[in-house]
């Protein structure tokens, strides 16, 4: 088992808890023979779930790390960091820092996850700030990756440049793309458009050959499939992500209302349901998990209201990031750029 | 005709031109007996349209101001401002400045419209920057108004405060609301969340009773109907607006694909079409026109690819803003706040 990959799971985080994380863990173990999991959380609750799933004696590649402390969704990052040193979230991250686990996954409080990860793992050399990256759907059925989605709220041009490099390394590694197309999110595509931060990042990306930079992109082109990675400040990215989530919910609401209006439309609504469900499924950005990039360790963020399938997918992404040694790849790329004097 | 309201229309702006503006002008004149219109643009083209609409001799409440110069969608704001002093857009705005028209409407280049309006009309006393405001749909079927949608890309806390006052005055005037609920768009609703600019604006709004400020709102709550006015920096607002436009197009694309997949679903698709069209119509933020707030004059922005109905609606908004004397109302509110020392 020398080539096995160990992933620590925060079983108590988010709105989901053990009822989602434990079934997801079992599914992931079935899918990947090289996977070992450490379930961090309330032992009795975890064992109860395992029993219900037909594993009264547990699983050979699964161990439990008991703790009762939980970071709640209402905890401030500072409170979680200072007062919850025995929380399931903190222990899962500590296991990565101690090299006991190669990666960790949590569906918990994003702010707390960011703060604890940053404090425990630190950022990679050459990276000033970590960023949250996640995927959005496109016309062609592919995905476009957007970062930062809210790890920061006051990025500089240099930060955006680093985000571009990290996003590019992630996509080229995961999707075997030699030169993922990277764009900066802006209010227009002309040179004169944008704030000083975006203009400065544009300048840094143009003078560097670190990424395949194709220029600015506007909000309405996010889903066009014309780029692979879109870079923006975390404030903009967070509002964009959440606005899109809100709009998808509005679409679902309007659909329900439209088909409810009279008897005939109700019948059509029932017939159309499978197709409409497919549309909503394709749109649902919340299906896609986030990753924290730029840390000396792998931290995956599953959505706070994630279902089993999406938590399994987060575990698989964690496994794959560990297999590909993603942090080392980012570190090497940054070291290379720093050596060649391509970064100030 | 002492109580008539004159509105100047830029007939050559946007992708639409005379083919949309002239029919819209005729419709608006039919709907409002007190409306007078000045059509600014290529005389022969305008007259050709009037002929086609059954008005070979024009209309008693419509006059034409001939010009052949056009601000194109590719013109930079600086180029439009300096080199296009005889453009239909510039003349329409000049007519407002000269008090010949009480308001103007253009579907042209937003950047140029902003720059020329700002230069010709200037901002109101107490207002440092103007802002673009437009409406988004909500769950209840009502509207929520978001500003700034891109007039600025680097707002300060004071600017956001002024936007809040302007948005509040607009909605209370137009919708007869005594205390429209105003919120700041942020990455979280807790006090500690956000960048310095948003936190500063939150402080200013909390200590003032100028608007009915209810606190922060996140992106996924934009469409909830829980607020009437949402304030943000123009960079964030522009990306949000355009992302939503892009997502609506993606919804339409996915719907078409879902119902195209096989014979049976095609039939259901045909039956479901009226309901789905209703959904898309309700979602379509591009139906809603924008207004430039904070200027010593009324400038309405119709969408660049607007249809006749939406241009009519822009003319009606312009007429109503003039009737209500919106700039004066904003000026009075600001003067009142400045007097009472509620603004620095």
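The values are calculated or read from the model by the stated rules, or taken from the named source; none is laboratory data. Keep in mind the model is a prediction, meaning the values are calculated, not measured. Cβ atoms come from the backbone with ideal geometry, glycine included; neighbour counts cover every protein chain shown.
Within segment A:200-221, being farther than 21 Å from residue A:334 by Cα and assigned to a helix (DSSP H, G or I) holds for A:219, A:220, A:221. Within segment B:179-194, being in contact with a strand residue (DSSP E or B) (Cβ under 8 Å, 6 or more places away or on another chain), modelled with pLDDT under 90 and more than 9 Å from every other protein chain (Cβ to nearest Cβ) holds for one residue alone: B:189. Is segment B:307-314 home to any residue that is more than 20 Å from residue B:164 (Cα to Cα) and within 8 Å of another protein chain (Cβ to nearest Cβ)? No, every residue in segment B:307-314 fails to be more than 20 Å from residue B:164 (Cα to Cα) and within 8 Å of another protein chain (Cβ to nearest Cβ). Does segment A:55-71 include one or more residues that are over 14 Å from residue A:299 (Cβ atoms) and within 14 Å of chain B (Cβ to nearest Cβ)? Checking segment A:55-71: not a single residue is over 14 Å from residue A:299 (Cβ atoms) and within 14 Å of chain B (Cβ to nearest Cβ).
Strands (runs of 3 or more DSSP E) fully within segment B:1-119 that include at least 2 residues being surrounded by fewer than 24 Cβ atoms within 10 Å (Cβ to Cβ), modelled with pLDDT of 95 or more and in contact with a strand residue (DSSP E or B) (Cβ under 8 Å, 6 or more places away or on another chain): B:5-10, B:35-41, B:62-66. Is it the case, given these coordinates, that residue B:288 is at pLDDT below 85 and crowded, with 17+ Cβ neighbours inside 10 Å? Judged against the criteria, residue B:288 is a match.
Residues that are assigned to a strand (DSSP E or B) and surrounded by 18 or more Cβ atoms within 10 Å (Cβ to Cβ) occur at least once in segment B:184-192. Within segment B:139-151, the residues that satisfy the criterion of being part of a loop (DSSP other than H, G, I, E, B) and surrounded by fewer than 20 Cβ atoms within 10 Å (Cβ to Cβ) are B:139, B:140, B:141, B:142. In segment A:111-139, the qualifying residues are those that are facing another protein chain (nearest Cβ under 10 Å) and in contact (Cβ under 8 Å) with a residue 40 or more places away in the chain, and the one that is nearest to residue B:255 (Cα to Cα) is A:139. Scan segment A:309-332 for residues that are crowded, with 18+ Cβ neighbours inside 10 Å and either modelled with pLDDT under 90 or not in a helix (DSSP H, G or I) (or both) and the total you get is 1.
Of everything listed in (1) away from chain A (no Cβ under 13 Å); (2) more than 21 Å from residue A:242 (Cβ to Cβ), the single unmet condition for residue B:163 is (2). In segment A:164-177 there is no residue matching the filter, namely being touching a strand residue (DSSP E or B) at 6+ places or on another chain (Cβ under 7 Å) and under 26 Å from residue B:189 (Cα atoms). Restricting A:170, A:205 to those that are more than 28 Å from residue B:250 (Cα to Cα) and more than 13 Å from chain B (Cβ to nearest Cβ) reduces the list to A:205.
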